[in-house]
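The values are calculated or read from the model by the stated rules, or taken from the named source; none is laboratory data. Since the structure is predicted, the reported quantities are computational estimates derived from the model, not experimental observations. FYI the Cβ positions are ideal-geometry reconstructions off the backbone, even for glycines, and counts take in every protein chain you see. Protein only, heavy atoms only, side chains kept; ligands, DNA and RNA dropped before computing areas. Shrake-Rupley method; radii C 1.70, N 1.55, O 1.52, S 1.80 Å.
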Amino acid sequence: FSFRKLWAFTGPGFLMSIAYLDPGNIESDLQSGAVAGFKLLWVLMLATLIGLLLQRLAARLGVVTGLHLAEVCNRQYQKVPRIILWLMVELAIIGSDMQEVIGSAIAINLLSMGKIPLWGGVLITIADTFVFLFLDKYGLRKLEAFFGFLITIMALTFGYEYITVRPNQAKLLQGLFVPYCQDCGTPQLEQAVGIVGAVIMPHNMYLHSALVKSRQVNRANKREVREANKYFFIESCIALFVSFIINIFVVTVFAEAFFKKNNADVNAVCVNASSPHSSLFPNNNETLEVDIYKGGAVLGCYFGPAALYIWAIGILAAGQSSTMTGTYSGQFVMEGFLNLRWSRFARVLLTRSIAITPTLFVAIFQDVEHLTGMNDFLNVLMSLQLPFALIPVLTFTSLPSVMNDFANGLFWRIGGGVLILLICSINMYFVVDYVMSLNHVALYVGAAVLSVIYLSFVAYLV
């Protein structure tokens, strides 16, 4: 083992880990703490471990073949399924991009004390596209260092909230290592499903398989390939451990401070603190419901304005850091599936325009409740796209014709198949629950028709 070699291979795993820290994940974390306390920490840990194993497969595919997942799909699938697959992955990328826009807009609104409206925040996020394109000119290693800096900001800001709130350590350890949820009902089950959906992202498989190609490996030398696989896996373990710790900070802060709180409790504290956000919480006995925006407001009421601003900085770092991973994913997916080489500038302009347009309309004509409600829909959308990344990555890493001597053994094939079946089943439950909550017969019929088409294509991939 060599630390010098590990440093040489360090970078792709941390870029990949940003998808585990995007605003959608942070929102899932804080809702998990507020709804279930410390009881679902083991679900977060399990989801992160499953994510690590799947990222390992994606990285191995890139290292062994010298091709990323989209390029392999291009070679292995016929034209029609290939285009459908590309469209599904693009949908996931646009959905993720919208969450980044929403998170950044809310953070900017909080930091400006409401002076910059949500639609203004959405427009400002257009500028970050050009900032990252500018940074990209200086080389991948410098960009990786910049993202390391953003992850450090998230660790420090959410770590500050953790130290301020001082969660109960005994309950934290019990939540992590006792896989049981006492007195849990439907809301807690839905939250557990939401955690899995937020952590494991479809476009991240495509991204990671491409990022590892940035390191030179002599693929004719099996020892070098094996060594690269080892160091990329170690780096992924470190990166996802850091992201897991940051996620724990958020869950436990809201578990300690706001579990079983009702609106009246929070309203009273906010009024006493002369908070401008006290109107967000009606004076009734309904259980407190939080999102990224309300979460910052509640922290400000209980722990002072510093907690609110530091929270907003953390959310802004999460939104900005995940912007570029979405950009890279989109570029690799388009190049791989379509053999179409657009400039990164044109590629970003297209996806960011698609992502910003609906978000901007909601931000102009509705309030923050509808903007954060859009996050629920986007989580469902990305949950539906998961099979279109997980099935191909397991299929191709199991084929000796693709991976030669590095093809998955029987254990990985069976274990991977069971994991993917479990994840897809959990996410389908999440989707069905979301559709049922809409309470509209026409939507039920439409969802049923789309489900038949969707499941038919998944069956084809299987």
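Per-atom-type breakdown for the stretch 3-408 gives carbon and sulfur 63% of the accessible area (1.4 Å probe, protein chains only). For the set Trp86, Trp342, solvent exposure ranked by accessible area (probe 1.4 Å, protein chains only) runs largest to smallest as Trp342, Trp86.
Binning all Cα-Cα separations of the stretch 1-90 at 10 Å, short to long from zero, yields these whole-percent fractions: 13, 29, 32, 21, 5. Using a probe of 1.4 Å, the accessible surface attributed to Lys79 totals some 130 Å² when neighbouring protein chains are kept in position. Filter Lys5/Lys171; Lys39/Lys294; Lys5/Lys142 down to the pairs with a C-alpha to C-alpha distance above 28 Å, please. From the list (Lys5/Lys171; Lys39/Lys294; Lys5/Lys142), the Cα-Cα distance tops 28 Å for Lys5/Lys171.
For the set Tyr231, Tyr302, the ranking by accessible area, highest first and with no ligand, DNA or RNA atoms included, is Tyr302, Tyr231 under a 1.4 Å probe. Rounded, prolate or oblate for the stretch 63-198? Axes are the square roots of the Cα gyration tensor eigenvalues, ordered a ≥ b ≥ c, and the cut-off for rounded is a/c under 1.5. Oblate. Here the stretch 216-348 is treated as a Stokes sphere of Kirkwood radius computed over C-alpha pairs; at 4 °C and 1.567 mPa s its diffusion coefficient rounds to 69 µm²/s. Only one residue of Leu123, Asn379, Ala59 has its Cα farthest out toward the positive end of the dipole of the chain, where Lys and Arg carry +1 and Asp and Glu -1 on Cβ, and that residue is Ala59.
Largest accessible area first, the residues His440, His203 order themselves as His440, His203 under a 1.4 Å probe with ligands, DNA and RNA left out. For the stretch 3-408, a crude dipole built from +1 on the beta carbon of Lys and Arg and -1 on the beta carbon of Asp and Glu, taken about the Cα centre, is about 1700 debye to the nearest 20. In percent, rounded to a whole number, the relative contact order of the stretch 3-408 is 39, using alpha-carbon pairs under 8 Å and six or more apart.
Mind jotting down a quarter of the surface of the convex hull over the alpha carbons of the chain, in square nanometres, one decimal? For the Cα atoms of the chain, the hull's average projected area reads 21.9 nm².
Take every pair of alpha-carbon atoms less than 8 Å apart whose residues are at least six positions apart; their mean separation over the length of the stretch 66-221 yields a relative contact order of 40 percent. Taking each pair of distinct Cα atoms in the stretch 396-462 once, what is the resulting Kirkwood hydrodynamic radius in Å? Roughly 14.3 Å, rounded to one decimal. Just how far, in whole angstrom, is the stretch 23-45 from the stretch 249-313 if you go by their alpha carbon centroids? With the stretch 249-313 and the stretch 23-45 each reduced to a Cα centre, they are spaced 16 Å.
Close amide H pairs (under 5 Å, H built 1.01 Å from N) link Asn262 with Leu288, residues at least 5 positions away or on another chain.
If you take the square roots of the eigenvalues of the alpha-carbon gyration tensor of the stretch 210-258 and sort them as a ≥ b ≥ c, do you get rounded (a/c under 1.5), prolate (a/b over b/c) or oblate?
prolate
Under 5 Å from the amide H of Asn408 lie the amide H atoms of Ser398, Leu399, each residue being 5 or more positions distant or on a separate chain, with H modelled from the backbone and absent for Pro and chain starts.
Under Stokes-Einstein, with the Kirkwood radius over Cα pairs as Rh, the value for the stretch 152-223 at 20 °C and 1.002 mPa s is 127 µm²/s.
Taking 0.36 nm per residue of separation and subtracting the Cα-Cα distance, full extension of the segment from Ala459 to Leu443 would add 3.4 nm. Could you tell me how many degrees, from 0 to 90 and to the nearest 10, lie between the Cα long axis of helix 140-165 and the main elongation axis, the longest principal axis, of the Cα atoms of the chain? Long axis of 140-165 versus the principal axis of the chain: about 30 degrees.
When the Cα positions of Leu207, Val72, Ala145 are compared along the charge dipole of the chain, Val72 comes out farthest toward the positive end, with charges on each C-beta of Lys, Arg, Asp and Glu. If R0 equals 30 Å, the separation of the Cβ atoms of Ala127 and Ala306 corresponds to a calculated FRET efficiency of about 0.65. Estimated at 0.36 nm per residue, the fully extended path between Phe377 and Phe411 surpasses their Cα-Cα distance by 8.7 nm.
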